[in-house]
Amino acid sequence: MAEIFKQVIKRFFWVPFVLGMIGYFGLSHMGFWESIYASGALYFVNPVTDNSNIIILLAKITAVVVTTSVLIVILSSLAGAIDRFFARRYKDSTAVYSDTEEGMRLAKSLRHGYFAPGKKAEKTENHIIMYQDDLQNIRLYSGQKDAFSGKPVYILLNEIDPFLLEASGNVHFFNVFYLTARK
């Protein structure tokens with residue numbers, strides 16, 4: 001849901017400001033700098049003038065939508081950070097690095113696991129790397145071997161034969177198709 005609000009912010013962030021400038025400067029004939037200030041104040045849902053026309057009204061409405069979206073994204077990010085903070089405290093904490101729906105579903109199904117959207121090693125006890133591209137999986141691990149050292153790392157390989165790679169004690173390779181066939 002936060003992704004929807006991020007898209008709203010990206011697409012409509014400047015709309016209230018531009019509409020405010022048109023309404024204040026163009027139609028209400030306010031001074032340029034006063035128009036900039038009044039248009040910027042719309043984001044804080046604090047109109048500073050009594051001028052009103054249809055463009056200013058649209059600017060006020062879109063400013064409320066953008067401001068609300070920003071607050072929801074901030075609160076969602078904060079809630080996610082708190083959730084990850086507490087999930088890391090357990091011995092079975094697991095970070096799932098993925099760009100697929102399966103990876104997101106796996107992360108949601110784990111009791112003390114979470115989806116790690118970044119390309120940086122999380123401070124969890126277990127790591128599952130399962131991007132679509134095998135080389136991306138290997139690059140993520142090899143680029144941060146020190147951060148992953150001493151903790152179990154499970155790397156998805158769909159096209160590369162795991163016997164061609166050097167695996168240490170904490171690195172395990174898996175293939176979803178092989179696992180499904182074995183079941």
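Laid out as a table, the results:
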item: Residue check for VAL96: over 24 Å from GLU3 (Cα atoms) and among the β-branched types (Val, Ile, Thr); result: no
item: Pair list, Cβ under 6 Å, 6 or more apart: region 88-105 residue more than 18 Å from LYS151 (Cβ to Cβ), other residue assigned to a strand (DSSP E or B) and aromatic (Phe, Trp, Tyr); result: MET104/PHE115
item: Search result, residues across region 60-103 that are under 15 Å from ALA116 (Cα atoms), among the aliphatic types (A, V, I, L, M) and touching a Phe, Trp or Tyr at 6+ places or on another chain (Cβ under 9 Å); result: ALA87, ALA95, VAL96
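Only the coordinates and a few stated rules stand behind these numbers; no lab work does. This one's a predicted model, so the numbers in the text were calculated from it and none came from an experiment. When we count neighbours, we look across all protein chains shown, and the Cβ atoms used for this are built from the backbone with ideal geometry, even at glycine.
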